[in-house]
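The values are calculated or read from the model by the stated rules, or taken from the named source; none is laboratory data. It should be emphasised that the depicted structure is a prediction, and the values quoted were computed from it without experimental measurement. Every residue, glycine among them, receives a Cβ derived from its backbone with ideal geometry; neighbour counts consider all protein chains shown. Ligands, DNA and RNA are stripped out before the accessible areas are found, and what is left, the full protein with its side chains, is counted by its heavy atoms. Shrake-Rupley method; radii C 1.70, N 1.55, O 1.52, S 1.80 Å.
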Amino acid sequence: MDVHQQGPPHGPLAGFTVGVTAARRADELGALLQRRGATVQHAPALRIVPLADDSELLAATKELIDHGPDVVVATTAIGFRGWVEAADGWGVGDALLDRLRGVEILARGPKVKGAVRAAGLTEEWSPSSESMAEVLDRLLDEGVEGRRIAIQLHGEPLPGFVEALRAAGAEVVGVPVYRWMPPEDIGPVDRLLDTTLARGLDALTFTSAPAAASLLRRAEVRGQLGDLVAALRHDVLPACVGPVTALPLQAHDLDTVQPERFRLGPLVQLLCQELPRRARTLPIAGHRVEIRGHAVLVDDALRPVPPAGMALLRALSRRPGWVVARADLLRALPGAGRDEHAVETAMARLRSALGAPKLIQTVVKRGYRLALDPTT
């Protein structure tokens, strides 16, 4: 996808490449990123089984109609609406709503509360934090021994939630409103993994725990799990929409960034802060040079740079002002072989792309150096 610019002179994510693993709302997330200048690579790490086709949900729905719960925990708006719509499709929608009208309903957040009310039901309570931990605390404080609690599962693990309720004496019924499956076409996922391992991404976004777990599993199948963890630990920023989504990554001791509000918009805003902050900025030959993923800002002018040129520029920027030998630069070039002439060719293209040839000095018979300002 091409870089889209927003206002003068460019968007905050211009020059950065962001990976999107989402299956649901991927177009929305991609559009938000592109409007801020990012290049987006999308590969759904899983697919969602349609509700009306899911025999597990039908069985759970019929069981709850026959043997009603004392409490229903609604966790996502799309899941709750989908449950009611699927029940309508099976001809048991009215029976389900009649059963739920006499039940204590806990809604995880304001969107869920809206979906509950749109179905003609009323929630008993909703936490301001949108936290499942707060929902669990309320249930345990109320006392759950001998109570039948239905939990709308939303494809993500709820670590310790079900176990804690059962340990306190509750009967817990899971309502699997949609199920995650591996993608039918694994090709885009493999390409996303290859790009991540090649450090062709600046950030990789996750909006569900199953997507994170699925990507890690695929890397393990390909024998690349250790390499993927290393890339996410040191070079590619893993950004998660919330703490539950981050759990599979944290199991591999990976630090992630998360917005305070667990929404797509705040996730993108977080990247708008984090990625430019992590870019290398240097005063070179009277210019301010900011080295981004696949482009360089020269005095705030966005200069796209080919991959070979970015490899050379990063090698030079590791020791700004110092001479880097041609042999060292050749090793930094992807797939360059042994011909040092490849360095000269890539260097000429790099200088042309930067639009300011004096940024990089040739040191005869030795190599090249960034013309770092002496005041630095």
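One equal scatterer on each Cα of the stretch 63-105, no solvent, Debye formula: the resulting log10 I(q)/I(0) at q = 0.21, 0.26, 0.27, 0.33 Å⁻¹ is -0.68, -1.01, -1.07, -1.24. Taking only the alpha carbons of the stretch 91-153, we obtain Rg and Dmax values of 12.3, 37 Å in that order. If the chain linking Asp94 and Gln269 were pulled fully straight, counting 0.36 nm for each residue of separation and taking away their Cα-Cα distance, it would gain 58.8 nm. Each peptide among 214-227, 253-266, 195-208 gets the average number of other Cβ atoms lying within 10 Å of its residues, and from highest to lowest they stand as 195-208, 214-227, 253-266. Residues of the stretch 228-249 with amide nitrogen under 16 Å from the 7 Å Cα-to-Cβ point of Arg199? Zone members listed by number: 228-238. Extending 7 Å from the Cα toward the beta-carbon at both Ala301 and Val257 defines two label points whose distance is 2.8 nm.
Mean residue ellipticity, 222 nm, helices only, the chain: the sum of -39500 (n - 2.57) across DSSP H runs of n ≥ 4, divided by residue count and rounded to 500, is -13000 deg cm²/dmol.
Per residue, how large is the accessible surface of the stretch 327-376? Use a 1.4 angstrom probe and give square angstrom.
About 63 Å² of surface per residue is accessible.
Positive end of the dipole of the chain (Cβ unit charges, origin at the Cα centre): among Gln224, Ala60, Val73, the Cα lying farthest that way belongs to Gln224. Placing unit charges on each Cβ (+1 for Lys and Arg, -1 for Asp and Glu) gives the chain a dipole about its Cα centre, and among Leu106, Val363, Trp322 the Cα reaching farthest toward its positive end belongs to Val363. Using Cα positions and a limit of under 18 Å, work out the aspartates and glutamates in reach of Lys62, with same-chain residues fewer than 8 apart set aside. Output for Lys62: Asp53, Asp54, Asp70, Glu85, Asp88, Asp94, Asp98, Glu171.
Working value for the stretch 51-169: equivalent-ellipsoid semi-axes of 22, 16, 14 Å, each the square root of 5 times a Cα gyration tensor eigenvalue, largest first. Size descriptors for the stretch 175-327, from the alpha-carbon set: Rg then Dmax equal 18.0, 63 Å. Restricting the stretch 150-214 to GluC sites (Glu not before Pro) that sit in a DSSP loop and have at most 14 other Cβ atoms within 10 Å of their own Cβ leaves Glu184.
Against the empirical 2.2 N^0.38 Å scaling, what ratio does the C-alpha Rg of the stretch 247-335 come to?
My calculation over the Cα atoms of the stretch 247-335 gives 1.39.
For the peptides 64-76, 352-364, 127-139, the ranking by packing is 64-76, 127-139, 352-364, with the highest mean count of neighbouring Cβ atoms within 10 Å listed first. In this structure, the amide hydrogen of Gln41, modeled 1.01 Å from its nitrogen in the peptide plane, lies closer than 5 angstrom to those of Val18, Gly19, Val20, counting only residues at least 5 positions away or on a different chain. Overall, the accessible surface of the chain at a probe of 1.4 angstrom is composed of carbon and sulfur to the extent of 49 percent. Applying 1/(1 + (r/R0)^6) with R0 = 30 Å to the Cβ-Cβ distance of Asp141 and Glu220 gives a FRET efficiency near 0.15. Applying the Karplus relation 6.51 cos²θ - 1.76 cosθ + 1.60 with θ = phi - 60° to the stretch 187-194 yields 3J(HN,Hα) values of x, x, 5, 5, 5, 5, 4, 4 Hz, where x marks Gly and Pro. Within the shell defined by Cβ-Cβ distances under 14 Å, the residues around Arg366 carry a net charge of +1, with Lys and Arg each +1 and Asp and Glu each -1. Couplings for the stretch 140-145, taken from phi via the Karplus curve 6.51 cos²θ - 1.76 cosθ + 1.60 with θ = phi - 60°, read 5, 5, 5, x, 10, 4 Hz in order; Gly and Pro are left as x. A cut-off of 5 Å between modelled amide H atoms, ignoring neighbours fewer than 5 places along the same chain, links Val296 with Arg303, Val305. Basic side chains Lys and Arg get +1 at the Cβ, acidic Asp and Glu get -1 at the Cβ, and with that the dipole of the stretch 58-194 about its Cα centre reaches some 260 debye. Dipole magnitude for the chain: about 2340 debye, using +1 per Lys or Arg Cβ and -1 per Asp or Glu Cβ, origin at the Cα centre. Using the 1.4 Å probe convention, the accessible area of the stretch 153-247 works out to 40 Å² per residue with neighbouring protein chains retained. The stretch between Arg191 and Glu344 holds 52.1 nm of extra length on full extension. This uses 0.36 nm per residue minus the Cα-Cα distance.
Couplings for the stretch 57-66, taken from phi via the Karplus curve 6.51 cos²θ - 1.76 cosθ + 1.60 with θ = phi - 60°, read 5, 4, 5, 5, 5, 4, 5, 6, 5, 6 Hz in order; Gly and Pro are left as x.
Near Arg47, the amide H atoms lying under 5 Å from its own belong to Met181; only residues 5 or more places off or on other chains count, and H is placed 1.01 Å from N.
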